[in-house]
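Participant: Next up is a structure, given as structure tokens.
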Amino acid sequence: MKKEISTNKSPEAIGPYSQGIETENLIFLSGQIPLDPNTMKLVEGDENQIRQVFKNIDALCDEVGLNLNHIVKLNVSLQDLSLFNLVNEVMKELFVEPYPARAALQVARLPLDSSIEVEAILTKTL
């Protein structure tokens, strides 16, 4: 089983991909950048961009009746690794232990010159 996840509460896909894919036990969310889903423009400021990415991910979780605590793996891409500590601070506010497994790396460039992109894998069971 492979089912598309789509919501207008998160930015629409800007290419030939789905916002997310649901399988029998796992959900795979495409990388989210800090676009405001109403304007499809990047929000301004590093902390605002980090928070917007997680708002977009949360909206996709909500679309399938789950929440951020169902996330088991995050891949975080940053244009500047100096944002790493700020990502950690925001995650401490949004997640409870046990925190998801995570990879974080610096990349040369992200879509629309965003400072952050995050993709997630969720489990349907806790």
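Participant: Could you list, ordered by first residue, the pairs with Cβ atoms under 7 Å in which the first is in region 10-36 and without any contact (Cβ under 8 Å) to a residue 24 or more places away in the chain and the second is assigned to a loop (DSSP other than H, G, I, E, B) and of a type in the set (Lys, Arg), at least 6 apart or interchain?
Facilitator: Between residues of region 10-36 that are without any contact (Cβ under 8 Å) to a residue 24 or more places away in the chain and residues that are assigned to a loop (DSSP other than H, G, I, E, B) and of a type in the set (Lys, Arg), the close pairs are ILE21/LYS2; THR23/LYS2.
Participant: Confirm whether GLU47 is part of a helix (DSSP H, G or I) and exposed (fewer than 15 other Cβ atoms within 10 Å of the Cβ).
Facilitator: Details: part of a helix (DSSP H, G or I): yes; exposed (fewer than 15 other Cβ atoms within 10 Å of the Cβ): yes.
Criteria met by GLU47.
Participant: Condition first: over 9 Å from the mean Cα position of the chain (by Cα) and open to solvent by less than 10 Å² (accessible area, probe 1.4 Å). Now tell me which residues in region 51-64 satisfy that.
Facilitator: Across region 51-64, the qualifying residue is only CYS61.
Yes or no, residue by residue, for (1) in contact with a Phe, Trp or Tyr (Cβ under 6 Å, 6 or more places away or on another chain); (2) assigned to a loop (DSSP other than H, G, I, E, B); (3) among the aliphatic types (A, V, I, L, M); (4) without any contact (Cβ under 8 Å) to a residue 24 or more places away in the chain:
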{"residue": "VAL87", "(1), (2), (3), (4)": "no, no, yes, no"}
{"residue": "VAL90", "(1), (2), (3), (4)": "no, no, yes, no"}
{"residue": "GLU93", "(1), (2), (3), (4)": "no, no, no, yes"}
{"residue": "PRO98", "(1), (2), (3), (4)": "no, yes, no, yes"}
{"residue": "LEU105", "(1), (2), (3), (4)": "no, no, yes, no"}
{"residue": "ARG109", "(1), (2), (3), (4)": "no, yes, no, no"}
{"residue": "GLU117", "(1), (2), (3), (4)": "no, no, no, no"}
{"residue": "LEU122", "(1), (2), (3), (4)": "no, no, yes, no"}
{"residue": "LEU126", "(1), (2), (3), (4)": "no, yes, yes, no"}
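Participant: Moving on. Which numbered condition trips up ILE57, out of (1) farther than 19 Å from LYS124 by Cα; (2) part of a helix (DSSP H, G or I); (3) of a type in the set (A, V, I, L, M); (4) touching a helix residue (DSSP H, G or I) at 6+ places or on another chain (Cβ under 8 Å)?
Facilitator: Of everything listed in (1) farther than 19 Å from LYS124 by Cα; (2) part of a helix (DSSP H, G or I); (3) of a type in the set (A, V, I, L, M); (4) touching a helix residue (DSSP H, G or I) at 6+ places or on another chain (Cβ under 8 Å), ILE57 misses just condition (1).
Participant: I'd like to know if region 16-35 contains one or more residues that are within 20 Å of THR125 (Cα to Cα), open to solvent by 50 Å² or more (accessible area, probe 1.4 Å), under 14 Å from the mean Cα position of the chain (by Cα) and not aliphatic (A, V, I, L, M).
Facilitator: Taking every residue of region 16-35 in turn, at least one turns out to be within 20 Å of THR125 (Cα to Cα), open to solvent by 50 Å² or more (accessible area, probe 1.4 Å), under 14 Å from the mean Cα position of the chain (by Cα) and not aliphatic (A, V, I, L, M).
The values are calculated or read from the model by the stated rules, or taken from the named source; none is laboratory data. These numbers were taken from a predicted model, which means no experiment stands behind them. Cβ: placed from backbone, ideal geometry, glycine included. Neighbour counts: every protein chain shown. Note: accessible area is taken over every heavy atom of the protein model, side chains too, but ligands, DNA and RNA are not part of it. Shrake-Rupley method; radii C 1.70, N 1.55, O 1.52, S 1.80 Å.
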